[in-house]
Amino acid sequence: MGVVLITVFIVCRYYAIPVQPIKIGVVHSLTGTMAVSEKPLVDAIHLAVEEINNQGGLLGQPVEIVVVDGQSNSAVFAREAERLIEQERVSVLFGCWTSDCRKKVKPVVEKHRHLLFYPVQYEGMEQSPHILYTGSAPNQQVVPGVRWAMQTFGRRVYLLGSDYVFPRTANLIIADFLYASGGEIVGEHYLPLGSNDVQAIIQDIAQKKPDVVLNTLNGDSNAAFFSALIKAGLNNQPLVSFSVEESGMLAWQGGQLTRHYGVWSYFQSLPGEENQRFVAAYQARFGADRVVSDPVEAAYVGVKLWAQAVQDANSIEPGPVNSTLLRQSIKSPSGIASVDADTRHLWKMMRVGKVRPDGQFKQVFASSAALRPQPWPTYRNRGAWQTLLERGRP
Amino acid sequence: MNLSKIIPRLMLGFLLLSPLPLAGLACLYLQAFENTLQQLELEKLSSLADKRADQINTYVNERLMDARLLAKSFAAVNVLQAHGNKQADPAQEQDHRDYFHTLLEIVGYYDLLLIDADGNVVFSILHEADLGTNLNTGPYRDTVLANAYRESIALLDTQITQAQAYAPSAGKPAIFVVAPVFKDGKVIGSLALQMDLDKLAAVTGDTTGLGRTGETVLAQIDGNQVLYVGALRHIPDAAFRYRVPLGDKVAKPMQSALFGGHGKGITHDYVGQKIICAWRYLPALRWGMVVKIDNAEAFAPLYQLQKITWVTLTVLLLLAGIAALLMGRALVLPIRQLIAATRQIAAGELERRAPLAGCSEFQQLALAFNTMTEQLQFQYQNLERQVEQRTAEISLAMKQLNEAQYIAQVGSWELDLINGVLIWTDEVFHLFELDKAKFAASYEAFLNAIHPEDRDAVNAAYRHSLQTQESYEITHRLLMPDGRIKYVTERGVSCFNAAGEPIRSVGTVQDVTLLKQTEMALKQLNDELEERVQQRTELLYQAKEEADRANGAKSEFLSRMSHELRTPMNAIMGFAQLLETDDETPLTLDQADNVAEIRHAGRHLLELINEILDLARIETGRLALSMEPVEVPLLITECMGLLQPLTLERSIELMLDKDGVSTVQADRLRLRQILLNLLSNAIKYNCDKGRVLISCRVIGSGRVRIALCDSGRGIAADALPRLFKPFERIESAYDGIEGTGIGLALSKRLIEAMGGSIGVESVVGTGSTFWIELAEANIEDYPPAHADSDTVTQSTYATARTLLYIEDNPANLRLVQKIISTHTELSLLDARTGEEGLKLAMAHHPDLIMLDINLPGMNGFDVLRHLHEDPITCDIPVIAISANAMERDIKKGLAAGFTDYLTKPLDIQKFLALLDTLLK
């Protein structure tokens, strides 16, 4: 009798407490020019959260996503991030794509001592104690990419990029690297975002005949550039694109060029059980024709890392989670995702893929192991980089 | 406390029983304690693992910093530059060597190497075999050092290698940190630090906070094996030697950690020992790390507590058991004594008394029991006396019952279904004629007495009553040993227990032989009577059938006779017409009169035949009517026109009185026939210069009445009922007037067939009024009147035509030959049989074929089918000329494919008109 009474009492105590969901904030562009790129990332976050909830949630609570639209506008991003933290009281933020947005949201999360997961490969030179960078730093993508290109095609390099912070900074790093390792820049050109005016560049490339073109163009300028190359009979021009992932390659027909390569940490076409499972789950959830890419994978991995850190911290507060977060590692679709506590970036593989006609990559080269993240490439000290950035030229 | 009472004793028992809930509670608390302890231990290990990982990472990072700093050092740049320029200054190099050596000793490295931009190892502290070789082309080009060197030059970034056996260092495992060396922003070579693995082991081997059985295990992947890189507690000398295949069932946490896993839990270690552990992945060295403690140590307090708890509980339970046993025995003893006493008393020893023992409740119980036994003893003696008295009463009642049953010839029985005892009263023995002294009452004896044919039925009735739980009654026979039959009626009912099983059955048996015999005699009488009635009924039915057959035969006869009469009439009428119309040999006036008389008589006869035929048809139910809306005044006017010669002859005035258009639903032809009949009667039986008033009115309820009012002599009232009967003519005075005597009868049948009625009112000397009533037709259904074009013109044909007539009757053939002969451009072929006709048709391809239906051998329909099937003759129009004049015959003919269908007697005008149409 006593046993029964005690059991009933304990069961009641456990089940009487209503289960509050853990809120997480997602701030990505659902409208505007960036929406096409960012929406798949929101889907990836949904997938990760659904998987977590299907396994019983976190700390016995379900996870609930609050998605807000950044409208491709950095001011809106900052305002919405603030609102998610102050009003929605979310435990963590996932979001941003462009460096501009990240730089606007950064002071907000720092002010509130909150936590943001940033999923995109970027130009580096940044390290906030309240941001975890799950995309590649320059030393994990751009630098080894250029080194591979030079070893494969030659030292005469042509730089082409969109005119904004990422290509400018990336090319600065490339130029510095080329200088140190004996490469030569035969041409450098920037197009305004969204511009299709590629004719002069094509003529320049045709005339200078570089060993390889390093492409940091963003958005649909790529479509104009690729088709102009073909029109000019430059199908065989070696070309390495740093900012076009699978869906862009498909949409802008990068696969028509015969020596076209992409440099990423993750390709949808990667073998391995973990990636097969991820691609299958994503396509089962959002449609068999959907394509995943490096940022999509990085967004997905971010949620999983956060969840594991929450379990370790036994808390959903940004503070404790931020400290357990730095010691996390998980098995991810791109390999092992492991947090580097010093830089708050992930150890990342660097992979080169040849663009296939269907926009997918066929891996032709990969680093022998995951690369240690270095937001400031180590061959200069941070002060020297700062000076360089301000001067704009090595 | 007075323990001689039960309540205190029971309380003591409950007290002793309480260890059970206590055990439950202990279980619960132990569980909670285990959970908490496990949680605590896991968290402790988790933070230890984090701390250890931090330590290793910090150590590695420091080495990276060292390499970067040394690569920036003047010494490194200088040595490489000097070698590059081939201007090595031995004195200066000795200074640098001294600098590097000091540093190595302070920080603790194994060796330091400098490699120039071309891969030559130009400097080494230990001067091992690698000095002076080229890392791009030399023997050590595939070592981890060589790879790290190339990466550092290419990526301009500091590299750290995985631990691997290094040949120049006597094959011992080595880890290198390699940093590029710059001069003026360009890379001129690399500096490599070979780590002292003993120092690293000191960091990793730290067991602070891990207790007695704790350890930190480190391993890396080597091929498809897990290679342990540190010392192991259970495996001596394990570093860089002990391996476990990947996928092996031991060392699960390490295998997880090596693929990026991060976690904690209770599992098994590399030797299968049960452990509590936390595991981490160290990306810099690509090592997996497991921090673990043996379960036995981690949960020692729990196991201790569990042991104490269970021992205590077991002892408590044992004590409680023993106490309960002793207590129970003390309690049970007086009860046993009481039970023994009770059994003896029950066995009849009423003098026995229960002993007074045990607790006071039991003593009271024994006392009460003894009092009860005394009471019982007294009552038992009293009871015996009463039983004797009642037995006497019962035997008297039994005697009376037996007498009553004997008189009533009713026996009764009772069957105890539990023990199978059957009791019969004397009367049953009497009925079954059994000697009570010789036969015991039994179900077998009862069954044997029953007539063998009835046994199953009796059995079934009884079983059925047991199933349905209802009473039963059955009358059956008994077969006496001497062959006599007795009838008895049995009634029975059964009692059932709660489960529905029968317990006992009771019933009566009554002799009903006398009753049964009377009943059977009565039944026999009744059967005989019924048979006779049936015989009579059959006779009557036969007589009715006979009459029906006779009536049918009459109608059939009339029908056949009329048909047979029509064929000769055809000849008569035809030739009479020919005589009249023959222009070449005109008749004399006298002859013409005679021929007219023939035709008149012929027509009369034909009418008579037609009417008889109609009547026969109606009686045999073969009259087909085609109902349509008929505009009555128009029809009356038409009839008046047809009868004009007759009215002129008798100077009779016909008047039509109509109000508007009245339309009735009728068969047009038949209605015309009726009207003609009534109108001609009104004329014929009128006086000269009389008049006939015809009125047509809608009389409400959708009916139209047509009345013909004549000014004749009228009809006597007693004659009226006979008017509409066939072959009845009223007065001999009318003998001079032509009439078939069936006109009115036929009219009545026809009008009734059309759903109408006919009647007559008459006043002798004033006149008669005949009326008919018909349903009014819906005006919308009225079809547009179509003009009849009956005008026959004597025609000539542009070209010569050939006709073929197939006919077996010579008179008919001659008639047609005669008609055709008046047209010179027509030639006629003739055939007597179908076969002959077909041959002629094939040979001559006539323009038109006329065909009789009733031919000997192949009939008209067969001939037509052959004609249509043959491509030569299929286009020739074929008309039927037949005495089969019924409407269905005509329909059948047209359906078979005849172009047209003419009936005999042949209407010459119509025939000629048809020829005209078909040949033009």
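The values are calculated or read from the model by the stated rules, or taken from the named source; none is laboratory data. Fair warning: this is a prediction, and the values are worked out from it, not measured in the lab. Note: ideal-geometry Cβ built from the backbone for every residue, glycine included; neighbour counts use all protein chains shown. Ligands, DNA and RNA are excluded from the accessible area calculation, which covers all protein heavy atoms including side chains. Shrake-Rupley method; radii C 1.70, N 1.55, O 1.52, S 1.80 Å.
Would you mind telling me the antiparallel percentage of the DSSP bridges in chain B, rounded to 5? The partial results should precede the final answer.
Details: 107 of 130 bridges.
Roughly 80 percent of the DSSP beta bridges within chain B come out antiparallel.
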The B/A contact buries a total accessible area, at probe radius 1.4 Å and rounded to the nearest 100 Å², of 2700
Calculate log10 I(q)/I(0) of the protein assembly as shown for q = 0.04, 0.07, 0.09 Å⁻¹, where I(q) comes from the Debye formula with a single equal point scatterer on each Cα and nothing for solvent. -0.73, -0.84, -1.24
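DSSP H helices in chain B with Cα extent of 27 Å or more along the helix axis and mean Kyte-Doolittle hydropathy at least 0.0? Intermediate results must be reported in sequence, preceding the final value.
Values: long enough: B:19-72 (77 Å, -0.10); B:300-346 (67 Å, 1.20); B:360-408 (67 Å, -0.54); B:513-581 (101 Å, -0.70); B:589-619 (44 Å, -0.10).
Counting only whole DSSP H runs, the qualifying helices are B:300-346.
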Among all lysine pairs in the range B:801-919 that are eight or more places apart or on different chains, how many have alpha carbons less than 25 angstrom apart? 7
Partner chain Cβ atoms within 10 Å, averaged over the residues of B:425-436 - can you pull that number for me? 0
Please tell me which of these pairs span more than 25 angstrom C-alpha to C-alpha: B:Lys658/B:Lys748; A:Lys348/B:Lys183; A:Lys106/A:Lys362; B:Lys554/B:Lys725; A:Lys331/B:Lys172; B:Lys51/B:Lys172? A:Lys348/B:Lys183; A:Lys106/A:Lys362; A:Lys331/B:Lys172; B:Lys51/B:Lys172
Rg (one decimal) and Dmax (whole number) from the Cα set of the range B:73-204, in Å, equal 13.9, 44
Relative compactness, the range B:409-511, computed as alpha-carbon Rg over 2.2 N^0.38 Å: 1.05
Taking alpha-carbon centroids only, the range B:588-620 lies from the range A:352-394 a number of Å equal to 130
If I histogram all Cα-Cα distances within the range B:499-540 using bins 5 Å wide from 0, what percent of pairs lands in each bin? 5, 15, 13, 9, 11, 9, 8, 8, 8, 6, 4, 3, 1
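In whole Å, what three semi-axes, largest first, describe the equivalent ellipsoid of chain A built from its Cα gyration tensor (square root of 5 times each eigenvalue)? It would help to have the intermediate numbers written out before the result.
Working: eigenvalues 338, 94, 73 Å².
In descending order the semi-axes read 41, 22, 19 Å.
Test of the criteria: in the range B:9-103, which trypsin sites (Lys or Arg not before Pro) are in a DSSP loop and have at most 14 other Cβ atoms within 10 angstrom of their Cβ? Don't skip to the end; give the middle numbers.
On the way: sites: B:Arg9, B:Lys44, B:Lys51, B:Arg52, B:Arg63, B:Arg68, B:Lys72, B:Lys86, B:Arg97; in loops: B:Lys86.
Answer by residue number: B:Lys86.
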Whole-angstrom gap from the range A:150-173 to the range B:843-907, using each part's C-alpha centre: 108
Candidates per trypsin sites (Lys or Arg not before Pro) in the range A:46-117, loop by DSSP, up to 14 other Cβ within 10 Å: A:Arg89, A:Arg113
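Which percentage, to the nearest 5, of the DSSP beta bridges contained in the protein assembly as shown is antiparallel?
Working: 125 of 182 bridges.
Just about 70 percent of them are antiparallel.
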About the Cα centre of the range A:268-394, what is the dipole size in debye to 20, counting +1 per Lys and Arg Cβ and -1 per Asp and Glu Cβ, all else neutral? 460
Ranked packing of A:361-370, B:534-543, B:828-837, most packed first, by mean Cβ within 10 Å: B:828-837, A:361-370, B:534-543
Which three extents, in angstrom, do the Cα atoms of the range B:19-153 have along their principal axes, listed largest first? 94, 30, 22
Using packing as a proxy for protection, rank B:477-485, A:136-144, B:676-684 so that the peptide with the highest average count of other Cβ atoms within 10 Å comes first. A:136-144, B:676-684, B:477-485
Mind checking A:141-153 for the average number of partner chain beta-carbons within 10 Å of each residue's beta-carbon? 1
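Rounded to the nearest 500, what is chain B's calculated 222 nm mean residue ellipticity when only DSSP H runs of at least 4 contribute -39500 (n - 2.57) each, over all residues? Numbers along the way, then the final one.
Values: 24 runs with 450 residues, N = 920.
Counting only the DSSP helices, I get -16500 deg cm²/dmol.
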Sorted by chain and then number, the residues having a modelled amide H within less than 5 Å of the amide H of B:Leu654, at least 5 places away or on another chain, are B:Val692
With -39,500 (n - 2.57) per DSSP H segment of 4 or more residues and division by the full residue count of chain A, the 222 nm estimate, nearest 500 deg cm²/dmol, is -13500 deg cm²/dmol
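Among the GluC sites (Glu not before Pro) in the range B:455-533, which ones are in a DSSP loop with at most 10 other Cβ atoms within 10 Å of the Cβ? Mind listing them? Before the final figure, lay out the partial values.
Numbers: sites: B:Glu470, B:Glu473, B:Glu490, B:Glu519, B:Glu528, B:Glu530, B:Glu531; in loops: B:Glu470.
Those satisfying the criteria are B:Glu470.
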For the range A:91-121 and the range B:149-220, write down the distance between their C-alpha centroids in whole Å. 35
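If the only charges are +1 at each Lys and Arg Cβ and -1 at each Asp and Glu Cβ, what is the size of the charge dipole of chain B around the Cα centre, to the nearest 20 debye? Present the calculation step by step, with values, prior to reporting the outcome.
Numbers: 87 positive and 117 negative charges, 977 e Å.
Taking the Cα centre of chain B as origin, the dipole is about 4700 debye.
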What lysines sit close enough to A:Lys111 to cross-link, taking a C-alpha to C-alpha distance under 23 Å and skipping anything fewer than 8 places away on the same chain? A:Lys23, A:Lys103
On a 0 to 90° scale, report how tilted helix A:294-313 is relative to the longest principal axis of chain A, with both axes built from alpha carbons and the result rounded to the nearest 10. 30
What do you get when you divide the Cα radius of gyration of the range B:801-919 by 2.2 N^0.38 Å, with N the number of residues? 0.95
Where Rh is the Kirkwood radius over the Cα pairs of chain B, the temperature 20 °C and the viscosity 1.002 mPa s, what D in µm²/s does Stokes-Einstein return? 45
Once amide H atoms are built 1.01 Å from N in the peptide plane, which residues 5 or more positions from B:Tyr805, or in another chain, come under 5 Å H to H? B:Leu829, B:Asp830, B:Ala831, B:Met850
Could you state, as a whole-number percent, how many of the C-alpha pairs of the range B:624-781 are farther apart than 26 Å? 23
For peptide A:362-373, what's the mean number of Cβ atoms from other chains within 10 Å of each residue's Cβ? 3
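To the nearest 0.05, how large is the calculated FRET efficiency for B:Thr833 and B:Arg622 if R₀ is 22 Å and r is the Cβ-Cβ distance?
Numbers: r = 30 Å, r/R0 = 1.38.
The calculated FRET efficiency here is 0.15.
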P(r) for the range A:287-394: what percent of alpha-carbon pairs falls in each 10 Å bin, starting at zero? 12, 31, 29, 23, 4
